[in-house]
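The values are calculated or read from the model by the stated rules, or taken from the named source; none is laboratory data. Note that the coordinates shown come from a computational prediction; the quantities given were computed from them, not determined experimentally. Because the Cβ atoms are built from the backbone with ideal geometry, glycine has one as well, and the counts that use them run over all protein chains shown. What goes into the accessible areas is simple: the full protein's heavy atoms, side chains included, and nothing from ligands, DNA or RNA. Shrake-Rupley method; radii C 1.70, N 1.55, O 1.52, S 1.80 Å.
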Amino acid sequence: MSKLDISVVVPLYNEEESLPELIAWIDRVARAHALAYEVILVDDGSSDGSWKVIERLKTSYPALRGIRFSRNYGKSAALYCGFAAAGGEVVITMDADLQDSPDEIPALRHMIIEEGYDLVSGWKKKRYDPIGKRWPSKFFNWTARVTTGIRLHDFNCGLKAYRLKVVKSIEVYGEMHRFIPVLARQAGFRHIGEKVVEHHARKYGHSKFGLERMVKGYLDLITVLFMSHFGRSPMYFFGGLGTLMFLMGGCTTVWVIAGKLWKQAHDLPLRPVTDQPLFYLAILAVILGVQLFLAGFLGELINRGSSDRNKYLIDKTLD
């Protein structure tokens with residue numbers, strides 16, 4: 001197989017109307033810049049005629065490849081399978097709804113090949129989405145920048161470019177497609193850039209993402225932050241927090257009992273220990289502390305038995 005300049009990975013769900021125009025647009029851009037390319041369409045369990053359209057387009061575009069899921073698994077799963085199949089020197093991802101412009105592909109590739117970026121994320125500086133979608137997205141992106149330290153304006157932008165080694169070194173699961181730059185940095189790829197890209201109003205169909213994605217986004221943000229700091233050593237988090245709670249609860253219990261004994265020895269008015277809410281809070285802290293410590297211990301046992309615990313990305317070797 002000849003070397004490919006780019007692989008364009010397009011996850012899709014019920015986008016039969018936009019696919020012919022999208023593929024023709026990608027083909028036109030690739031030919032204009034003499035790029036050897038492949039397009040990998042990942043049909044995420046569409047219930048319309050998307051797969052039939054893909055089969056029909058294949059007869060006109062030999063560079064087109066298709067992957068079809070038996071049901072809807074989500075965008076992360078589609079990207080994961082698309083990355084596994086990709087073989088181009090640079091991997092481009094974009095949405096299938098024509099809101100991302102294939103005209104951006106040559107510039108994105110240039111930033112990877114010529115400027116040395118590992119990953120370039122698109123920034124839809126001017127968006128054609130309703131305000132109910134724009135403002136929550138702005139707040140989410142601000143939170144992601146502050147908590148991850150990655151200075152990107154638009155984590156959610158589907159238009160991104162990657163060095164091939166990046167997509168082969170990360171695992172996108174759950175709803176983690178929003179945080180691929182974070183996953184890439186965890187894998188050791190720190191040269192992450194950003195490019196302002198053109199954004200188009202939706203031409204066909206309707207958005208497949210509702211407000212619930214904001215809730216999922218923040219839960220995924222907590223997950224990715226935890227995994228980046230404690231993924232390989234859960235005992236540091238659970239054990240540390242459990243030890244702190246155990247010591248606080250234990251010391252408080254001793255203080256409450258010692259106070260009663262001191263008052264009893266000096267014939268002072270006293271309350272029974274079991275009548276004091278602080279005593280029960282202290283016991284609760286001790287119990288929770290033990291449970292958290294055990295959770296960290298079990299996490300370490302599971303982590304040590306993981307098959308990918310000792311998988312490390314080696315950049316270069318010298319013999």
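Name the residue farthest towards the positive end of the dipole of the stretch 82-155 from the options T148, I112, A96, assuming +1 on Cβ of Lys and Arg, -1 on Cβ of Asp and Glu, about the Cα centre.
Of the listed residues, the answer is T148.
Quick one: pull the percent of accessible area on the stretch 43-106 belonging to carbon and sulfur, 1.4 Å probe, ligands and nucleic acids left out. If you can, show how the numbers build up before the last one.
Working: 1270 of 2620 Å².
With neighbouring chains kept in place, the figure for the stretch 43-106 is 48 percent.
Cα axis of helix 131-148 to longest principal axis of the chain: angle in degrees, 0 to 90, nearest 10?
Value to nearest ten degrees: 60.
Looking at the stretch 63-202 from every direction and averaging, what is the projected area of its Cα convex hull in nm²?
Values: hull surface 34.5 nm².
Here the figure is 8.6 nm², rounded to one decimal.
What is the ratio of the Cα radius of gyration of the chain to 2.2 N^0.38 Å, where N is its residue count, to two decimals?
Numbers: Rg = 26.3 Å, N = 319, 2.2 N^0.38 = 19.7 Å.
With N residues counted in the chain, Rg over 2.2 N^0.38 Å equals 1.34.
If the limit is 30 Å between Cα atoms, which of K75/K165; K165/K195; K75/K124; K58/K138; K3/K126 go over it?
On the way: K75/K165 21 Å; K165/K195 20 Å; K75/K124 19 Å; K58/K138 38 Å; K3/K126 35 Å.
Violating the 30 Å Cα-Cα cut-off are K58/K138; K3/K126.
Calculate how many DSSP beta bridges within the chain are antiparallel, expressed in % of all such bridges and rounded to the nearest 5.
Numbers: 8 of 29 bridges.
Antiparallel: roughly 30 percent of the beta bridges in the chain.
Let me check against my output: what whole-number percent is the relative contact order of the chain, with C-alpha pairs under 8 Å and at least 6 apart? Could the numbers behind the result be given before it?
On the way: 507 pairs, mean separation 53.5, N = 319.
In percent, rounded to a whole number, it is 17.
Pick from H177, H266, H153 the residue whose mean-square fluctuation is largest in a GNM of the chain, springs joining Cα atoms under 10 Å.
In the Gaussian network model the winner is H266.
Given only helices, namely DSSP H runs of n ≥ 4 each adding -39500 (n - 2.57), what is the per-residue ellipticity at 222 nm of the chain, to the nearest 500 deg cm²/dmol? Could the numbers behind the result be given before it?
Working: 10 runs with 151 residues, N = 319.
Calculated mean residue ellipticity at 222 nm is -15500 deg cm²/dmol.
Just want the answer: with Cβ charges of +1 for Lys and Arg and -1 for Asp and Glu, which residue in I26, S50, F238 is farthest toward the dipole's positive end in the chain?
So the residue furthest toward the plus end is F238.
Relative to the longest principal axis of the chain, what angle (0 to 90°, nearest 10) does the C-alpha long axis of helix 19-32 take?
The two axes meet at around 70 degrees.
For a quick check of understanding: with a 1.4 angstrom probe and all protein chains in place, what accessible area in square angstrom does R271 have, to the nearest ten?
Accessible area of R271: about 130 Å².
Give the accessible surface of the chain per residue, rounded to a whole number of Å², with probe radius 1.4 Å and ligands, DNA and RNA excluded. Intermediate values should be presented prior to the final figure.
Numbers: 17390 Å² over 319 residues.
Here the residues of the chain average 55 Å² of exposed surface.
For the chain, with a Gaussian network of springs between Cα atoms less than 10 Å apart, report the residue from L183, L261, L152 with the top mean-square fluctuation.
Top of the fluctuation ranking is L261.
What full-extension length gain, to one decimal in nm, is calculated for L219 and W142 as 0.36 nm per residue of separation minus the Cα-Cα distance? Working shown, then result.
On the way: separation 77, 0.36 × 77 = 27.72 nm, distance 1.53 nm.
Contour length minus Cα-Cα distance gives 26.2 nm.
Using a Gaussian network for the chain with springs between C-alpha atoms less than 10 Å apart, which of these wobbles most: T253, T143, T93?
Per the Cα network of the chain with a 10 Å cutoff, T253 tops the list.
Return the FRET efficiency for the residue pair Y73, A34: r is the Cβ-Cβ distance, R0 is 41 Å, and the value is rounded to the nearest 0.05.
On the way: r = 36 Å, r/R0 = 0.87.
Computed FRET efficiency for Y73 and A34: 0.70.
Using only the Cα atoms of the stretch 1-82, what do you get for the radius of gyration and for Dmax, in Å?
12.5, 36
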